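Enquirer: For reference, the structure I am asking about is given below.
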Amino acid sequence: MKPAPFRYLRPGTVDDALDLLTEHGPQAKLLAGGQSLIPTMNFRLSQPAVLIDLNRLGELAGIEESRRGLMIGAMTRQRAAERSGAVRDRAPLLSEAMPFISHPQVRNRGTIGGSLAHADPAAELPALMVALDAEFLVRDRDHQRRIAAADFYTGLFATALAPDEMLLSVEVPKTPKRTGWAFEEISRRHGDYALVGVATTITLDRKGRCDGAHIVLLSVGDGPVAASQAVAGLAGEEPTADAIRQAAEVTATRDIDPPADIHASAAYRRQLARVLTTRALTRAVARAQGAEVSETGAR
Ligand code: FAD
């Protein structure tokens, strides 16, 4: 199918783009990499009257080291983040997980901001940003504000962005000392959306006990799902194999309520959550303890 007719506008500055967004209101859609928006338009699931193309806004693209960690512009291509040395140094969880997003062709075009704003519950980046305690910088014509990643996702394909707001960038804090991380997912074929995925971090205190952790899952709810009961159970504990198994069990049975669909039953998704959380936490703990950890299977 072809998309319904629309007007195409290509502003040269963020201010101009925000003026257009205010002028056209809910009739308008921002176009980033087009890897999600254009297919939904072709299927006529989305029929914006106006497309505001962000691809000329060089000021929105790029990765910079900031005092807290990293500032990643919304129009940064996913492939650029995947290949960035700064991302590898300061947010290695992100580096590890990027190759799981579809295929290089999609990542060459798809943007960090487009994926975060699209809020697909099966997407990797929203869950990663929640696991990394990232903050989103958003703006309308008159105001700028920051939103914690955990507060940004409000439901199925829904975010805290107002219709006249644009995502400008995301700030990812530097990974703290004595912190390990790992990302795991299962999909039917490499590059497909995940049946279940999990992003984990764990920080150990000087005695080797858990001083903080994140377990955030994708494809098990309306958006990224933080396994808060499992994380509470780990607090102050030595992350032994038993403690990890217990955390994975709580994740699978109490923290998530996964959907069933044509790809997987709810029971199968729970089992995947159990297995993947065990694997991810085990690798994260080994990294926090300073051990060498083998790579995941992503390409
Ligand atoms: P677009 O498609 O241009 O926009 C998506 C939405 O975000 C639109 O509503 C748009 O208006 C809005 N938007 C864009 N930028 C902004 C902004 N700065 N501020 C506010 N709103 C904005 N993704 C995964 O995570 N995992 C996968 O496994 C995966 N597999 C894929 C497989 C295929 C074959 C394809 C085509 C895509 C796949 N994707 C996957 C989606 C891909 O990652 C997209 O790039 C991403 O979801 C959207 O980014 P985009 O830059 O293309 O945004």
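The values are calculated or read from the model by the stated rules, or taken from the named source; none is laboratory data. Just so it is clear, the structure is predicted and the values come from calculations on it, not from any experiment. All Cβ positions, glycine included, derive from the backbone under ideal geometry; neighbour counts span all protein chains shown. Just the protein is used for accessible areas: all its heavy atoms, side chains included, with ligands, DNA and RNA removed. Shrake-Rupley method; radii C 1.70, N 1.55, O 1.52, S 1.80 Å.
Enquirer: Take residue 192 and residue 260, extend 7 Å from each Cα along the Cα→Cβ direction, and tell me the distance between the two endpoints in nm.
Expert: 1.9
Enquirer: Let me ask another. Give the lysines reachable from residue 177 as a straight Cα distance under 30 Å; neighbours fewer than 8 places away on the same chain don't count.
Expert: Partners within reach: 207.
Enquirer: Fully extended, how many nm does the chain gain between residue 205 and residue 253 (0.36 nm per residue separation, minus their Cα-Cα distance)?
Expert: Full extension of this stretch gives 14.5 nm more.
Enquirer: From the phi angles alone, apply the Karplus equation (6.51, -1.76, 1.60; θ = phi - 60°) to segment 154-160 and give each ³J(HN,Hα) in whole Hz, x where the residue is Gly or Pro.
Expert: For segment 154-160, the Karplus curve yields 10, x, 5, 6, 10, 9, 7 Hz.
Enquirer: Taking 0.36 nm per residue of sequence separation and subtracting the Cα-Cα distance, how much length would be gained by fully extending the chain between residue 44 and residue 144, in nm to one decimal?
Expert: Length gained between residue 44 and residue 144: 32.8 nm.
Enquirer: Using amide H atoms built in the peptide plane, which far-off residues or other-chain residues are under 5 Å from residue 30 H to H?
Expert: So residue 30 has HN proximity to 52.
Enquirer: Binning at 5 angstrom from zero up to the longest distance, how are the C-alpha pair distances of segment 3-57 distributed in percent?
Expert: Here the calculated profile for segment 3-57 is 5, 22, 31, 25, 13, 4, 0.
Enquirer: At 10 °C and a viscosity of 1.306 mPa s, what translational diffusion coefficient does Stokes-Einstein give for segment 7-141, taking Rh as the Kirkwood radius over Cα pairs? Give it in µm²/s as a whole number.
Expert: Taking Rh from Cα pairs, D becomes 102 µm²/s.
Enquirer: Normalised by the empirical 2.2 N^0.38 Å for globular proteins, what value does the Cα Rg of the chain take?
Expert: Computed over Cα atoms of the chain, the ratio equals 1.00.
Enquirer: Separate question: Which value, in Å³ per residue, describes the convex hull spanned by the Cα atoms of segment 169-253?
Expert: 124
Enquirer: Give me the three principal axis extents of segment 123-279 from the C-alpha atoms, as integers in angstrom, largest value leading.
Expert: Computed over the Cα atoms, the extents are 52, 45, 27 Å.
Enquirer: Please turn the phi angles of segment 147-152 into ³J(HN,Hα) values with the Karplus equation 6.51 cos²θ - 1.76 cosθ + 1.60 (θ = phi - 60°), one per residue in order, whole Hz, x for glycine and proline.
Expert: Running phi through 6.51 cos²θ - 1.76 cosθ + 1.60 with θ = phi - 60° gives 10, 5, 3, 5, 9, 6 Hz.
Enquirer: Collect residues whose amide H, placed 1.01 Å from N in the peptide plane, falls under 5 Å from the amide H of residue 76; neighbours closer than 5 in sequence don't count.
Expert: So residue 76 has HN proximity to 62, 112, 113.
Enquirer: Rounded to whole Å and sorted largest first, list the principal axis extents of the Cα atoms in segment 132-187.
Expert: For segment 132-187, the Cα spread along each principal axis is 41, 30, 15 Å.
Enquirer: If you count the DSSP beta bridges with both ends in the chain, what percent of them are antiparallel, to the nearest 5?
Expert: Expressed as a percentage, antiparallel bridges in the chain total about 85.
Enquirer: Something else now. Quote to one decimal, in nm, the extra length available between residue 56 and residue 240 on full extension: 0.36 nm per residue of separation minus the C-alpha distance between them.
Expert: 61.2 nm
Enquirer: Could you order 43, 100 by accessible surface area, starting with the largest, using a probe radius of 1.4 Å?
Expert: 43, 100
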